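Encoded as structure tokens, the structure appears first; notes follow it.
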Amino acid sequence: MKPLLPLLSVLLLLSCEKPISTEDPAVSGFPADNGNLTVTIPELPEAQRLNFAVYDMAGTRIKQVNQSQGDKSFGTATFQLDAANYQLVVLTHSSNGNPTMTDPHKIRFSNSQGFTDTFLYYDQLTVTADHQDLSAVPHRIVALCRFVITDDYPAEAASMHFYYTGGSGTFDATTGLGNVNSKQKAKFDVTNGQKQFDLYTFLHDTEGTIHLVATALDASGVELLQRDFEVPLKQNVITTLTGAFFAPSSTDTDGITIRFNIDWYGEYHLSF
């Protein structure tokens, strides 16, 4: 039998090692108590999460503060920074998690986090030793495809899955435009009768078209019906695609109407 001493020695050494931390020291859930830059969002849109990030002019992230609705300081972040020029990015959204914000040119949301109504504020500023207050007013940078089913579900229908390309799940904070050819996905439980589905994306330009694949599945994941659509979108505009999904029909894009409202720049209605 081989002696156990060498093995026990290794186990002892491993038990004494400190765990490796994967947390980024630049990222915090709480702003500084005091500092020389305070950023406030004066009118908060409906959002569950806020992200404040400061980068140097080369794009290296210096500080980031993440907030969730209910936090005492929700809507305000204070930073202590060296005197220099910086880039500031402020996001509001309701995804299930915080986006990857290491690079201001590639801020990324994932399919698992979900894509939601997203607002961006970007600025370049000079910080000195004197305290300054900055009011940040984010603007909407997503396009929305609102998919509405008008007919009844088959009795066995349990979920709707949507897969779409042509947009992006990643955007450049300096432009507010998407810059990756993403394969975006969203799935919804329809056993409660849900018939309206909101699908968000960051377009590569202010206008674009997504290829949308909508699939109805039963509880076992067996496909009941799949249909494809080409959907024209615009940034800050709702395109509503409405029709009888389970009834045979061809896509009808004639008679596109637009309705302006106070929440979005515009709204298009299409029928299928």
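What follows draws every value from the coordinates through simple rules; no lab data is involved. Everything numeric here is computed off the predicted structure, so don't read it as measured data. Glycine gets a Cβ as well: all are built from the backbone with ideal geometry, and neighbour counts include every protein chain shown.
A simple rule links phi to the HN-Hα coupling: the Karplus curve 6.51 cos²θ - 1.76 cosθ + 1.60 with θ = phi - 60°, which for region 72-82 gives 4, 9, 3, x, 9, 9, 10, 10, 9, 10, 5 Hz, with x for Gly and Pro.
Where in region 138-152 is the amide nitrogen less than 20 Å from a point lying 7 Å along the Cα-to-Cβ axis of THR175? In region 138-152, the label zone of THR175 (backbone N under 20 Å from the point 7 Å along Cα→Cβ) covers 139-144. The distance separating the Cα centre of region 206-241 from that of region 97-129 comes to 26 Å. When the square roots of the Cα gyration tensor eigenvalues are ordered a ≥ b ≥ c, the ratio a/c for region 32-126 is 1.5 or more and a/b does not exceed b/c, which makes its shape oblate. For a Förster distance of 22 Å, can you work out the FRET efficiency between the beta-carbons of ASP82 and ASP123, rounded to the nearest 0.05? The calculated FRET efficiency here is 0.80.
With a Förster radius of 41 Å applied to the C-beta separation of ASP56 and THR191, the computed FRET efficiency comes to 0.25. In a fully extended conformation the segment linking PHE74 and GLU156 would gain 25.2 nm over its present Cα-Cα distance, using 0.36 nm per residue. Remark: region 119-173 carries a charge dipole of roughly 100 debye about the Cα centre, counting +1 on each Lys and Arg Cβ and -1 on each Asp and Glu Cβ.
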